[in-house]
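The values are calculated or read from the model by the stated rules, or taken from the named source; none is laboratory data. Only a predicted model underlies this, so the values are computations on that prediction, with no experimental measurement involved. Positions of Cβ are generated from backbone atoms using ideal geometry, with glycine treated the same way; all protein chains shown enter the neighbour counts. Accessible surface areas use protein heavy atoms only, side chains included; no ligands, DNA or RNA. Shrake-Rupley method; radii C 1.70, N 1.55, O 1.52, S 1.80 Å.
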Amino acid sequence: MDFHFTPEEEAFRAEVRAFLDENLPPGTNTNDPSFIAEWNRKAREKRWIGFSWPKEVGGGGATIMQQVILKEEMSKRKAPPLGTCFMGLAWVGPAIIQYGTEAQKQRFIPDILDGKYQWCTGYSEPSSGSDLASLQCKCVREGDTYVVNGQKIWTSIAMWSKWIILLVRTDPNVTVKHDGITCLLVPMDTPGITVRPIKNMSGGAMFAEVFFDDVRVPVENRLGAEGQGWQVTVSALAHERSSIAEVEGLKRKLEEVKELARRSTKNGRPALEDDGIRRRIARYEAKIEGMRFNGMRALTKQLKGEPLGAETSINKLLRAELEVAFGEIALEMQGSAGHLEKEIDGGRWQRFALSWPEVVIGGGTPNIQKNIIAERVLGLPKD
Amino acid sequence: MNFGFTEEQELLRQEVRKFLDAHCPLEEVRKLMETPEGFSRDLWKQMGELGWIGLPIAEVHGGAGLGWVDLVVLLEEMGRTLFPSPFLATTIAAAAIREAGSDAQQAQWLPLLADGSKIGSLAYLEASDRHDEAGLELAAKPNGAGFVLSGDKVQVLDAAAADLFVVAWRGGLAVVERNAKGVTVTPTPSIDQTRRVGRVRFDDVAVAAGAVLANPAALGRVLDLATAAVTAELLGAAEQAIRITVDYAKEREQFGQPIGRFQGVKHPLAEMYVDVESAKSILYYAAWCLDEGDADASRAVSLAKAYASEAFARIGIDAVQLHGGVGFTWEYDPHLYLKRSKWARPAFGDSDFHYDRAIALGEK
């Protein structure tokens with residue numbers, strides 16, 4: 001056990017800090033579009049956008065430890081994200097790098113790195129949520145064209161996206177449902193695509209339903225082989241597993257909860273002096289530390305080249321619990337005013353208490369994570 | 001950056017596990033827990049010869065000179081089989097002498113503890129049930145260069161077996177031999193028969209100057225080391241309670257299928273696993289901080305103990321419940337772990353105590 005870093009790693013950390021000192025001085029308005037443009041231009045110069053990607057495709061070719069250090073330093077300073085094409089950087093790009101043709105790489109990777117437009121993700125369907133591999137969106141090949149008919153749902157930012165990475169069923173007659181799924185890359189302006197935003201419980205609309213009605217996609221837009229779609233999707237989700245960004249985000253949020261506790265009153269005293277509140281906050285701190293060192297253990301395994309088990313499910317569960325809990329404790333500390341829309345802090349805690357589902361439910365509900373742990377780690381029989 | 005155990009540590013784990021499985025499986029633990037002394041002198045002697053008792057004691061004093069991270073490995077394995085022995089007690093007493101004793105004092109007592117020829121125990125808790133120095137009311141009257149001690153210590157680990165006690169009072173620590181005049185030991189049986197504790201009464205016990213430990217301010221660190229040790233042992237036990245329940249859930253069939261297929265059984269087991277793994281992660285960090293003398297050690301120890309005690313309490317109960325009817329028979333093992341959780345939860349401070357302490361340390 002050793003938490004020390006090598007001199008090279010420390011030098012890289014210093015480089016990141018110097019960059020932040022220069023480009024993110026205190027008081028920077030990180031919502032200003034011209035700042036964001038400049039920020040990303042400089043980050044791109046450093047090759048910190050797509051930092052883990054191979055240098056040949058324009059990435060940074062970073063080691064796992066460099067990725068961890070960059071993420072940690074960025075999170076600590078509340079830096080804006082590196083790059084703007086979120087899903088492109090998170091999984092579309094990695095999938096194209098791993099499974100794409102040379103032509104696909106040249107066509108898409110530079111645009112993802114430069115944030116030219118958004119990608120969205122067409123995985124879930126009305127009848128295929130947690131059981132994603134049961135998806136039924138129909139796809140028939142006609143010569144050099146695929147014809148897609150069906151529906152996707154919970155597609156984040158579909159209304160602002162130029163492209164969609166889409167999972168479709170090319171073979172309905174397979175014995176194993178994971179087979180017979182194919183991955184397509186489709187322009188959102190293709191005739192036959194209709195987007196209908198879904199209003200969520202916060203009143204906003206980040207998700208949409210996407211309908212496909214005889215949508216014609218050239219075969220050259222297929223990613224990976226026909227029937228390989230499941231593999232393409234799953235392996236592209238594997239990435240650096242330190243949870244460092246999530247942990248830093250949760251730590252910051254807990255500090256905000258504590259700050260709220262200092263100026264809220266409970267039984268005539270600051271809530272932060274109340275034993276019940278204090279212990280709840282300490283429990284959250286323990287769980288965040290648990291996540292942090294679970295992440296370090298996973299990272300150590302990753303550095304040794306050992307396969308990872310359900311480590312990510314453990315941290316996803318803890319994170320889900322904390323995201324819900326922070327909203328709850330915040331509203332509870334506000335007492336009778338807790339349900340008022342904009343009375344306290346402009347309503348940011350109310351918005352927070354209504355927005356956790358995006359994180360908690362997206363990417364696998366807590367119950368699904370528990371199944372994964374019970375079956376893959378504890379070896380209990382599958383449902 | 002490396003947050004894993006070394007090959008040597010993994011090897012130690014395997015050796016200890018092999019030894020305990022061979023010499024002290026639960027059937028043997030059940031026999032030992034019915035005996036008056038509650039542990040095997042023969043196994044104790046063997047462990048001394050294997051060098052495990054002296055593991056964290058410096059080499060110059062006859063130990064292996066390893067640290068708390070290594071100790072965690074050993075204690076997790078002992079917790080797994082609820083191994084009954086004065087190991088925890090002796091380890092904590094040795095840590096107290098190491099942290100608070102002068103070189104001469106260490107040289108006097110540590111070799112005796114390292115090979116197991118003497119059993120030691122820390123006597124600190126009193127009727128106040130407080131796990132900090134403010135709870136200490138034992139009277140220590142100056143007597144020449146030494147002291148005269150009067151008062152009671154409770155929950156002293158392996159009090160009946162101990163040959164020497166490290167006794168704490170406000171501002172002082174001393175080594176007192178079991179057979180010193182005025183020392184009375186009364187066993188206080190626990191519902192956890194695999195764990196022995198007792199009351200130690202001091203009636204005007206004279207302590208010579210040479211037995212008064214040189215650096216009593218080390219008590220705080222000693223309690224941190226002890227708390228980490230207790231946490232390691234309890235997490236080993238908690239992990240095994242989950243294992244036993246998982247094995248049962250795979251085997252036991254109802255409604256035509258193993259009960260482990262039902263999410264009502266699966267999900268609580270997954271939750272327990274998440275808690276044990278996360279508490280282990282914090283504990284490993286805490287042990288590393290203790291070995292490195294890192295300033296974050298106390299906060300980390302408290303978070304680990306708080307999280308682990310709470311998790312183990314739940315695991316003990318759920319292990320019994322998930323076993324159904326057989327879960328509360330004497331024959332099946334869950335009750336042994338449930339009972340251990342009743343000792344472990346308050347030992348060296350419960351969750352409330354350690355959560356309060358952790359958040360206060362974070363505010364400093």
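Take the conditions open to solvent by less than 20 Å² (accessible area, probe 1.4 Å), closer than 22 Å to B:Thr90 by Cα and of a type outside the set (Ser, Thr, Tyr) and apply them to B:Ala174. Does it pass?
Working: open to solvent by less than 20 Å² (accessible area, probe 1.4 Å): yes; closer than 22 Å to B:Thr90 by Cα: yes; of a type outside the set (Ser, Thr, Tyr): yes.
For B:Ala174, the condition - open to solvent by less than 20 Å² (accessible area, probe 1.4 Å), closer than 22 Å to B:Thr90 by Cα and of a type outside the set (Ser, Thr, Tyr) - is met.
Which of the residues spanning the range B:115-139 are assigned to a strand (DSSP E or B) and surrounded by 23 or more Cβ atoms within 10 Å (Cβ to Cβ)?
B:Gly120, B:Ser121, B:Leu122, B:Ala123
Out of (1) touching a helix residue (DSSP H, G or I) at 6+ places or on another chain (Cβ under 9 Å); (2) open to solvent by less than 60 Å² (accessible area, probe 1.4 Å); (3) under 21 Å from A:Leu89 (Cα atoms), what's the single condition that is false for A:Thr6?
Going through the list (1) touching a helix residue (DSSP H, G or I) at 6+ places or on another chain (Cβ under 9 Å); (2) open to solvent by less than 60 Å² (accessible area, probe 1.4 Å); (3) under 21 Å from A:Leu89 (Cα atoms), A:Thr6 breaks only (3).
Please find, within the range B:232-254, the residue that is nearest to the other protein chains (Cβ to nearest Cβ) out of those that are farther than 30 Å from B:Phe348 by Cα and of a type in the set (Lys, Arg).
My answer is B:Lys250.
A quick yes/no check of all residues on (1) of a type in the set (Lys, Arg); (2) in the same structural domain as B:Glu15 (by TED's automatic domain parsing):
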site	(1), (2)
B:Met78	no, yes
B:Ala89	no, yes
B:Ala93	no, yes
B:Arg98	yes, yes
B:Ala104	no, yes
B:Glu137	no, no
B:Asn143	no, no
B:Val156	no, no
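Does the range B:26-59 hold any residues that are open to solvent by less than 90 Å² (accessible area, probe 1.4 Å), in a loop (DSSP other than H, G, I, E, B) and farther than 18 Å from B:Ala94 by Cα, and which are they?
Scanning the range B:26-59 gives B:Thr35, B:Glu37, B:Gly38, B:Phe39, B:Ser40.
Of (1) in contact with a strand residue (DSSP E or B) (Cβ under 7 Å, 6 or more places away or on another chain); (2) open to solvent by 50 Å² or more (accessible area, probe 1.4 Å); (3) assigned to a helix (DSSP H, G or I), B:Asp204 satisfies all except one. Which?
(3)
Tell me whether the range A:229-246 contains one or more residues that are closer than 19 Å to A:Glu73 by Cβ, open to solvent by less than 50 Å² (accessible area, probe 1.4 Å) and not in a loop (DSSP other than H, G, I, E, B).
Yes, that holds for at least one residue.
Quick one: in the range A:327-383, which of the residues that are within 14 Å of chain B (Cβ to nearest Cβ), over 22 Å from the mean Cα position of the chain (by Cα) and among the hydrophobic types (A, V, I, L, M, F, W, C) is most open to solvent (accessible area, probe 1.4 Å)?
That would be A:Val377.
Being within 14 Å of another protein chain (Cβ to nearest Cβ), small (Gly, Ala, Ser) and under 15 Å from B:Arg130 (Cα atoms) is the filter here, so list the residues in the range B:330-364 that pass it.
Passing the criteria: B:Gly349, B:Ser351.
For residues that are farther than 19 Å from B:Asp70 by Cα, without any contact (Cβ under 8 Å) to a residue 60 or more places away in the chain and crowded, with 17+ Cβ neighbours inside 10 Å, tally how many sit in the range B:297-327.
7
Let's see how each residue does on (1) within 7 Å of another protein chain (Cβ to nearest Cβ); (2) touching a strand residue (DSSP E or B) at 6+ places or on another chain (Cβ under 8 Å); (3) within 20 Å of A:Arg283 (Cβ to Cβ); (4) among the hydroxyl-bearing types (Ser, Thr, Tyr):
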{"residue": "B:Gly256", "(1), (2), (3), (4)": "no, no, no, no"}
{"residue": "B:Ala270", "(1), (2), (3), (4)": "yes, no, yes, no"}
{"residue": "B:Tyr273", "(1), (2), (3), (4)": "yes, no, yes, yes"}
{"residue": "B:Ser278", "(1), (2), (3), (4)": "yes, no, yes, yes"}
{"residue": "B:Glu292", "(1), (2), (3), (4)": "no, no, no, no"}
{"residue": "B:Ser298", "(1), (2), (3), (4)": "no, no, yes, yes"}
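Give just the number: which of (1) modelled with pLDDT of 95 or more; (2) touching a helix residue (DSSP H, G or I) at 6+ places or on another chain (Cβ under 6 Å) does A:Lys316 not satisfy?
(1)
Could you pull out the residue among A:Thr175, A:Thr182 that is open to solvent by less than 40 Å² (accessible area, probe 1.4 Å), of a type outside the set (A, V, I, L, M) and either assigned to a loop (DSSP other than H, G, I, E, B) or touching a residue at least 40 places away in the same chain (Cβ under 8 Å) (or both)?
A:Thr182
Only one residue in A:Arg297, A:Arg319 is open to solvent by 20 Å² or more (accessible area, probe 1.4 Å), within 10 Å of chain B (Cβ to nearest Cβ) and basic (Lys, Arg). Which one?
Values: A:Arg319 fails: within 10 Å of chain B (Cβ to nearest Cβ).
Only one candidate qualifies: A:Arg297.
Could you tell me which of the residues B:Gln240, B:Gln263, B:Gln257 is touching a residue at least 12 places away in the same chain (Cβ under 8 Å) and open to solvent by 20 Å² or more (accessible area, probe 1.4 Å)?
B:Gln240
Take the range A:2-28 and flag every residue that is assigned to a helix (DSSP H, G or I) and either without any contact (Cβ under 8 Å) to a residue 12 or more places away in the chain or of a type in the set (D, E, K, R) (or both).
Once the filter is applied, which keeps residues that are assigned to a helix (DSSP H, G or I) and either without any contact (Cβ under 8 Å) to a residue 12 or more places away in the chain or of a type in the set (D, E, K, R) (or both), the range A:2-28 yields A:Pro7, A:Glu8, A:Glu9, A:Glu10, A:Ala11, A:Arg13, A:Ala14, A:Glu15, A:Arg17, A:Ala18, A:Asp21, A:Glu22.
In this structure, is A:Glu102 surrounded by fewer than 21 Cβ atoms within 10 Å (Cβ to Cβ) and farther than 27 Å from A:Gln228 by Cβ? Let's see the steps before the verdict.
On the way: surrounded by fewer than 21 Cβ atoms within 10 Å (Cβ to Cβ): yes; farther than 27 Å from A:Gln228 by Cβ: no.
Answer is no for this residue.
How many residues does the range B:1-25 contain that are within 19 Å of A:Arg297 (Cα to Cα) and not in a helix (DSSP H, G or I)?
The qualifying residues number 6.
Name every residue in the range A:185-201 that is outside any strand (DSSP E or B), farther than 18 Å from A:Trp119 by Cβ and of a type outside the set (A, V, I, L, M), in order of residue number.
Looking only at the range A:185-201, we keep the residues that are outside any strand (DSSP E or B), and these are A:188-192, A:199-201.
From the residues that got through so far, the ones that are farther than 18 Å from A:Trp119 by Cβ too are A:191-192, A:199-201.
If the condition is that a residue be outside any strand (DSSP E or B), farther than 18 Å from A:Trp119 by Cβ and of a type outside the set (A, V, I, L, M), then A:Pro191, A:Gly192, A:Lys199, A:Asn200 are the ones that fit.
Quick one: which residue in B:Lys280, B:Lys305, B:Lys266 is farther than 29 Å from B:Ser190 by Cα and in contact with a helix residue (DSSP H, G or I) (Cβ under 6 Å, 6 or more places away or on another chain)?
B:Lys266
Tell me which residues, restricted to the range A:29-52, are free of Cβ contacts under 8 Å to residues at least 60 places away in the same chain and either in a loop (DSSP other than H, G, I, E, B) or crowded, with 19+ Cβ neighbours inside 10 Å (or both).
Taking the range A:29-52 as the starting set, the residues that turn out to be free of Cβ contacts under 8 Å to residues at least 60 places away in the same chain are A:29-39, A:41-43, A:45-48, A:51.
Passing the criteria: A:Asn29, A:Thr30, A:Asn31, A:Asp32, A:Trp39, A:Ala43, A:Lys46, A:Arg47, A:Trp48, A:Phe51.
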